[in-house]
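To start, the structure itself, in structure tokens.
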Amino acid sequence: MKKQIKIIKNRSDIGAGTRGSDMGIDAIEIAAINNKNDYFNLFEFVDVETENESIYNKVNNPFGKRINFVLNQCTRLSEVVKATIDKNEFPLVLSGDHSSALGTISGIKAAFPNKRLGVVWVDAHADIHSPYTSPSGNVHGMPLAAAIADDNLDCQVNQVTDEVKTCWNAMKNIGVTGAKVLAEDVIYFGVRDTEEPEDKQIEKLGIKNYMVDEVRYRGLETCVNEALETLSDCDYIYISFDVDSMDCDLISYGTGTPVPKGFDQFEIIEIINRIIASQKVASIEFVEVNPLLDLKGNKMAETAFEVLDAVTRSLK
């Protein structure tokens, strides 16, 4: 018997450099309404308290912007995800910016502390910076580094304040102490916009990235099956879907950091559904829809809802 789905709405964008992804969930709901789809009446949901008002505060830590508030947000989300799993419900997480992924991953690990967790990261970006390497200081580029608890100090370029160090170390210990995921249990799909410290980290850790061209050349089924084989020793899998993994020219620029030459929505649906078929998926998260940047009305949210609706059918 499949678990009851619980939608977790995490309207936070404080980890991003561009405002507006906190409105992404509402934009997805509007897309459903305009499509005359009662999706959001079908499931129970919980709203996670946010600290979005912190965007008005002066940024004192350029290499970990608002990191103390992101720490609070991820901790809060982790607790909600864990409580959802503890009630034998499936956490389907809709978030603003991608820093939230650390909260979701930490919540899964807190619920299953003795189980091995794999991560499938569907994104244009690697999000494996730390405060020591980040060129922007935006924490939405750091969740995987915190999840694997690796600062990449070999590539350090930033001098980090004691406050940022304290918050960063606390982030690495949300839910349970230490790494939530082994680097060998991380798989990328669609990553194509990275900085040198990330490239070196990915190479050092041996993280596999199934780029769009490879997936199309070798075949989507082949690549997903290979990814699942890599994660065969994992008890559970978390899927993180950043909408910028899709082609901004083909779909929409309605996301904070759009990158061309990405997947289309049908490829995303098939990737996610094939992973769901493994029966190991513990949570799926959708992030980074930003309607304020959408030049095509509400196109990105409409496409995100198309993906959401399709993959939910595979979960039910």
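Every read-out reported here was derived from the displayed coordinates using simple, explicitly stated rules and does not represent laboratory data. This one's a predicted model, so the numbers in the text were calculated from it and none came from an experiment. For neighbour counting, all protein chains shown are included, and Cβ atoms are generated from backbone atoms with ideal geometry for every residue, glycine included.
Placing a label point 7 Å from the Cα of Asp233 along the Cα-to-Cβ direction, the residues of the range 103-131 whose backbone N falls under 20 Å from that point are 109, 112-121. The value of relative contact order for the range 152-281, using C-alpha pairs under 8 Å at least six residues apart, is 21 percent.
If you average the alpha carbon positions of the range 1-80 and of the range 109-172, how far apart do those two centres end up, in angstrom? About 19 Å separates the Cα centre of the range 1-80 from the one of the range 109-172.
Could you identify which residue out of Asn68, Asn34, Asn225 has the top mean-square fluctuation in a GNM of the chain using Cα springs shorter than 10 Å? Judging by the Gaussian network model, the answer is Asn34. The simple spin-label model puts a point 7 Å past each Cα toward its Cβ; for Lys3 and Asp47 those points are separated by 2.5 nm. Label point of Thr18 set 7 angstrom out along Cα-Cβ; within the range 279-316, amide nitrogens under 11 Å from it belong to 289-295.
Asn60 sits among other residues whose Cβ lies under 11 Å from its own Cβ, and their net charge, with Lys and Arg +1 and Asp and Glu -1, is +2. In the chain, helices alone account for a calculated mean residue ellipticity at 222 nm of -11500 deg cm²/dmol, with every DSSP H run of four or more residues adding -39,500 (n - 2.57). Bridging of Lys6 to aspartates and glutamates at a Cα separation below 18 Å is possible for Asp26, Glu29, Asp38, Glu44, Asp47, Glu49, Glu79, Asp86, Glu89, Glu285, Asp309, once same-chain residues fewer than 8 apart are set aside. Note on Arg116 and Lys165: the extension gain reaches 14.9 nm, defined as 0.36 nm multiplied by sequence separation minus the Cα-Cα distance. Given contacts defined as C-alpha pairs under 8 Å and at least six residues apart, what's the relative contact order of the chain, whole-number percent? Reported as a whole number, the value is 23 percent.
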